[in-house]
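A.B. asks: Before we start, here is the structure in question, set down as C-alpha cells.
Every number in this text was worked out from the coordinates using simple rules, so none of it is lab data. It should be emphasised that the depicted structure is a prediction, and the values quoted were computed from it without experimental measurement. Reconstructed Cβ throughout: ideal geometry from the backbone, glycine too, with neighbour counts over all protein chains shown.
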Amino acid sequence: MAMDSTPWFIDGGARHSAAIARTLAYAATTGAEGIVSPGDLKVVQKSPTSAAVQVLPGAGLVLNRGNGGAQQTYVARNATATDVAVPANTNAAGGATQYHIVALRIEDPNVSQTTTWPAATDPLTYAYAKLVLLSSGITATTERPSQVTAVNGQSLIFLARIAVPAGQGAVTDSMITNLRTMALPRSSSVLLSWGPTTAAQAQLMTTTSHPSGSFTQWLSSASAGPITVPLWATHVSLIAHIAGAGTTFADVDGSLRARFANVVGGPLIIDISGNTAGMRHPLVVTASGQITTGQGTVQNVIIDGALSVGQLGTNPGTHIAFDVRFYESAV
C-alpha cells in the first residue's frame, strides 16, 4: 500500500483522510482498546426493572478490524444513558438460561469488513457507533469477541454479559456480568520501609493489649512516611513484610490483618510453636480491593493483631516494608 500523501496535520487546505485521523487515535492511545474512564459505559438495570438494560454515559476505544484497518482506532462516545432491549426468556420454568452480550460496535460502511454495513444515506445523521445486543453463539463463558464466530472481523468491544433465567423478562443487576476493561489504566506504587532502632520504638503485642475476639492496631506505615492516595485510584493492593518479629514465648497463637482506607484484608493466622530465645519470625500480610474513600488524602497501612497465646513484638533488628500499589479498573 502506498504512503498516505497527507500526514497529520498539514494546513493550507490539504485534505486529511479518516484513516490518518484513526491512526492518530491509535498512536495517542498506544493501540489500546476498551473504556476510557473507570465508570464509562457501565451496563445496569433500569429503574424500575424491565426487559431492557441501560448503558451509562462514557467513551470507548475500538480497534478497526476492517481490511486495511491496522493501526487505526475509533473513538466513540455515549453522551447520555442509553437503553438496550433484552428479550424475555420464554422457556418454561426450570428451562435453559439465555445469554446475551451488550457491545459497542462501529458500523463503518466505508471500510471493507466481513460484515457489510448499509451505505450511509445521510453521512451527517448515520449511526456509525451503536450499542447492540448479541445473542447468537453467546454462552455462560463468553467474555471476548474472539469467542463468537458471528462477530469475527467486526470492530466492537464487549461491555457486559446478561444471563436471563427461564421465564424471566425483567433484567436485574444480578443477571449482569461486567466485561468492560480500561484501555489505559493508570497505576502507581509506593514502597516504604522502617524498623525500630531503639528499645523505645519497639511495639509489643500481648494477649492483654491485643486480646483474641477482635482486632486492635499494632503497626502503622505512618512511621515510614506518608502515603497519598491518587485522585484517580479505584483499587489498592498492598503487601506488608515484617521481617524479624520476635517473642520470648515458646508458643504464639493469634492472627494479623492489614487495612488501608476502607479496604480490609483477610486474617493471617499466627501459629508459632517451639520458639527459643533469639529466634526471629517473618510475617507477610496483604490486602486488596476497591477504594471507595480517601482519594486525594494521606492514608496509612494499618496492621491489626489479636492474640490468644503468647506475645509478639518488633524491636531493633526488625525490618518492615510496606509495598502499596494503586491502580484503575472498571467500576
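A.B. asks: Which residue, P123, P282, P87, tops the fluctuation ranking in a GNM of the chain built on C-alpha contacts under 10 Å?
C.D. replies: For the chain, modelled as a Gaussian network with Cα springs under 10 Å, the answer is P123.
A.B. asks: Would you kindly state how much longer the chain becomes between Q201 and W232 on full extension, computed as 0.36 nm times their sequence separation minus their alpha carbon distance, in nm to one decimal? Walk me through the intermediate numbers first.
C.D. replies: Values: separation 31, 0.36 × 31 = 11.16 nm, distance 3.51 nm.
Full extension of this stretch gives 7.6 nm more.
A.B. asks: Relative contact order of the chain: what whole-number percent is it, with Cα pairs under 8 angstrom and at least 6 residues apart? Walk me through the numbers on the way to the answer.
C.D. replies: Working: 810 pairs, mean separation 60.5, N = 331.
It comes to 18 percent, rounded to a whole number.
A.B. asks: Determine the gain in length on full extension of the stretch A18-N67; use 0.36 nm per residue of separation and subtract their C-alpha separation, reporting nm with one decimal.
C.D. replies: Stretched fully, the A18-N67 segment lengthens by 16.2 nm.
A.B. asks: Still on this model: Under a no-solvent Debye model with one identical scatterer per Cα of the chain, what's log10 I(q)/I(0) at q = 0.11, 0.13 Å⁻¹?
C.D. replies: -0.85, -0.98
A.B. asks: Report the label-to-label distance for W8 and T149 in nanometres (one decimal), using points 7 Å from each Cα along the Cα→Cβ vector.
C.D. replies: Result: 3.7 nm between the two label points.
A.B. asks: Sort S214, S237 by Cβ crowding within 10 Å, fewest neighbours at the top.
C.D. replies: In order of increasing Cβ crowding within 10 Å: S214, S237.
A.B. asks: Before anything else, pin down the relative contact order of the stretch 94-162: Cα pairs under 8 Å, at least 6 apart, normalised by residue count, whole percent.
C.D. replies: Values: 103 pairs, mean separation 33.4, N = 69.
In percent, rounded to a whole number, it is 48.
A.B. asks: Same structure again: Percent of Cα-Cα pairs more than 15 Å apart in the stretch 29-88, please. Before the final figure, lay out each step's value.
C.D. replies: Values: 1018 of 1770 pairs.
Result: 58 percent of Cα pairs exceed 15 Å.
A.B. asks: Could you state the angle between the C-alpha long axis of helix 18-28 and the longest principal axis of the C-alpha atoms of the chain, as a value from 0 to 90 degrees rounded to the nearest 10?
C.D. replies: 0 degrees
A.B. asks: What is the distance in Å between the Cα centres of the stretch 72-111 and the stretch 272-320?
C.D. replies: Measuring centre to centre over Cα atoms gives 47 Å.
A.B. asks: Further question on the same structure: For the stretch 1-70 and the stretch 166-192, what is the separation of their C-alpha centers, rounded to whole Å?
C.D. replies: So the two Cα centres are separated by 20 Å.
A.B. asks: While we're on this one: Determine the gain in length on full extension of the stretch H319-V132; use 0.36 nm per residue of separation and subtract their C-alpha separation, reporting nm with one decimal.
C.D. replies: In short, 61.8 nm is gained.
A.B. asks: A further question follows. Would you work out which of Q45, Y327, G68 lies farthest towards the positive end of the dipole of the chain, given +1 charges on the beta-carbon of Lys and Arg and -1 on that of Asp and Glu, about the Cα centre?
C.D. replies: Selected residue: G68.
A.B. asks: Let me ask something else. Just flag the chymotrypsin sites (Phe, Trp or Tyr not before Pro) in the stretch 118-172 sitting in loop per DSSP whose Cβ has no more than 16 other Cβ atoms within 10 Å. Present the calculation step by step, with values, prior to reporting the outcome.
C.D. replies: Details: sites: Y126, Y128, F158; in loops: Y126, Y128.
Qualifying residues, ordered by number: Y126, Y128.
A.B. asks: If you don't mind, there's one more thing I want to ask. Compute the distance in nm between two label points, each set 7 Å from the Cα along the Cα-to-Cβ direction, one at T116 and one at M279.
C.D. replies: 7.8 nm
A.B. asks: Normalised by the residues of the stretch 187-327, what does the relative contact order come to in percent, with Cα pairs under 8 Å and at least six apart? Write out the running numbers ahead of the final one.
C.D. replies: On the way: 382 pairs, mean separation 64.9, N = 141.
Here the relative contact order equals 46 percent.
A.B. asks: Hey, another quick one. Taking R0 as 51 Å, what FRET efficiency do you get between A93 and A32 from their Cβ-Cβ distance, rounded to the nearest 0.05? Intermediate values should be presented prior to the final figure.
C.D. replies: Numbers: r = 44 Å, r/R0 = 0.86.
Efficiency, from the Cβ-Cβ distance: 0.70.
A.B. asks: Rounded to whole Å and ordered largest first, report the semi-axes of the equivalent ellipsoid of the stretch 187-315 derived from its Cα gyration tensor (root of 5λ).
C.D. replies: Details: eigenvalues 156, 49, 28 Å².
Rounded to whole Å, the semi-axes are 28, 16, 12.
A.B. asks: Once R0 is set to 51 Å, what does the formula 1/(1 + (r/R0)^6) return for the Cβ-Cβ distance between L191 and A140, expressed as a FRET efficiency to the nearest 0.05? Don't skip to the end; give the middle numbers.
C.D. replies: Numbers: r = 41 Å, r/R0 = 0.80.
It comes out at approximately 0.80.
A.B. asks: Please give the FRET efficiency for T80 paired with I269, using the beta carbon to beta carbon distance and R0 = 35 Å, rounded to the nearest 0.05.
C.D. replies: Working: r = 51 Å, r/R0 = 1.45.
Efficiency, from the Cβ-Cβ distance: 0.10.
A.B. asks: Of A224, T314, I302, which is farthest along the charge dipole of the stretch 187-327 in the positive direction, counting Lys and Arg as +1 and Asp and Glu as -1 at C-beta?
C.D. replies: The residue sitting most towards the positive pole is A224.
A.B. asks: Count neighbours as other Cβ atoms within 10 Å of each site's Cβ, and list the chymotrypsin sites (Phe, Trp or Tyr not before Pro) in the stretch 1-110 that are DSSP loop with at most 11 such neighbours.
C.D. replies: Details: sites: W8, F9, Y26, Y74, Y99; in loops: W8, F9.
Here the chymotrypsin sites (Phe, Trp or Tyr not before Pro) that fit, given the DSSP loop and packing criteria, are F9.
A.B. asks: Further question: Note down the nm distance, to one decimal, between modelled labels 7 Å out along Cα→Cβ at Q290 and at L56.
C.D. replies: 0.9 nm
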